[in-house]
Amino acid sequence: MGPYPPSSGSEIDGLLARVGYRIRPSDLRHVAHGLERLDSAMVGGDNRFGDSDAVHYNPSDLAAWVDSMLSESTSQAAAEPTLPLSDGAWMAQIIPQLNQQHHHQMAAIAARQRKEEEDSGIRLVHLLMGCADAVQRGDSRLAASLLDEMQVELTRMSTSFGIGKVAGYFVDALRRRLYSATDPYSSADSLVEYEILYHHFYEACPYLKFAHFTANQAILEAFDGYDRVHVIDFSLMQGLQWPALIQALALRPGGPPFLRITGIGPPSSNGRDELREIGIKLAELARSVHVRFAFRGVAATHLDDVRPWMLHVGRGEAIAVNSVLQLHRLLGDPGKQSAIDTVLNWVVDLRPKIVTVVEQEADHNKPGFLDRFTEALFYYSTVFDSLEAKSGLAQQTPTAEMYLQRELCNIVCCEGSDRVERHEPLANWRTRLGQSGLIPVHLGSNAFKQASMLLTLFSAEGYCVEEVDGCLLLGWHSRPLISASAWRAGDHADDYVAPDDITLVDRSSIANNNNNNENNFS
């Protein structure tokens, strides 16, 4: 008796039907003998089956499928006959052999599909570069033709991951440049959406967390020994960065200092004072950990609209200026006067104890469109690749990708004052910040350790942090993607003294009292 108990013809028919195979009862023994002959030929070293270009698409039709496989080798006609098998024995042979053959067929089809997608990906990259070159030369007809070709190519591959996804975003950006030439994300409603996407990007990957943790560590060390400290944040963005700093100051040996935060953000578009609402939440947190606190919101559409008097800097305060992914927005076309010179001049005049700067480690401010496009294609391909890695936060990934899509769309679509995503590498920032009168500050081992520990929160391997001349760079598979650096004003002989015409106390600030209920503001 075989390994299975004998079964009736109807039971066998039902078993095969349930696993998707069509066969008549009269064909069962024929199929069993055919499979045995087929197996003998393959085990015996006959490679004609493996070398054949034929693909048998319907292995569920057992009799026809076995016959078509055997017909490829006429030598099998003389195979030695086998002894009749019991019902249980030939069933034991059929199922494993069917599974093996089906696996081979599916593997061949999957390999062919992968090859086709790889070929389509290569063609897409060439078409993207050709289209960007046509745009740079002003050949809109050729660019439009190449866009149509790329649209067809995208239908042949998946656009939910890999080069298909990235190419889809760049094709969309090129189409917008050709046919609308405006930034689709510049409206007031879009600014609100931007803050939502920022939050999702913060949660989905370590880049913004790295920026906040590293900057906070530098600020915390710069504030050591000072009783009154003032953080000027160039982009408040829901205040995500500051709860960690407030809690760290609460644990400072000798007690926390009096903390003021001035947060700069866009004007409210819905009638709500959103900056003030963020300040209230931060004040509630500060009160809960017994940190004396005051907040001031400064509404400004552009950072260069801000003037020093708006910041209400007080006498004797230790000042920190914090810029996370903001300074590049002040740059203009290379060789032209830009707003960043004005802003850096008044930053230096504040004599800050620390200036923290985090920027994308990319070169998207080149004068030539093709060079800029090429850099953006490879940069964002790497960032998207890091997002696709398993981080345990897959639900955040789609909206995080929309945040990145806005950036690359601005780089590709816009020129002149409309193009604000003008990322430059750390080497450029070193030169620019040094020329403005700022002196580099080594971020130190604590910042490096914190950044390294942060990466352990993300299960995906591939993130890396590197220290370069006192600065930290976070990257993916050795490609740096974001840089963090710290600076200070050149002369700290005297603390900053506010001019008489600057109000030292903002009566609209949000403040909380200390443990003794002493009122900090009149």
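Tabulated results
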read-out: Scaled radius of gyration (Cα, divided by 2.2 N^0.38 Å) that segment 432-484 gives; value: 1.29
read-out: Cross-link pairs Lys165/Lys366; Lys281/Lys366; Lys366/Lys449; Lys165/Lys281 - those with Cα-Cα distance over 30 Å; value: Lys281/Lys366; Lys366/Lys449; Lys165/Lys281
read-out: Cα gyration tensor of segment 239-333 - equivalent ellipsoid semi-axes, whole Å, descending; value: 25, 16, 13
read-out: Farthest positive-ward along segment 290-385 dipole, Cα basis, beta-carbon charges - from Ala294, Ile340, Leu325; value: Ala294
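Computed from the coordinates by the stated procedures, all read-outs in this text should not be read as laboratory data. All figures in this text were calculated on a predicted structure; none of them were measured in a lab. Glycine gets a Cβ as well: all are built from the backbone with ideal geometry, and neighbour counts include every protein chain shown.
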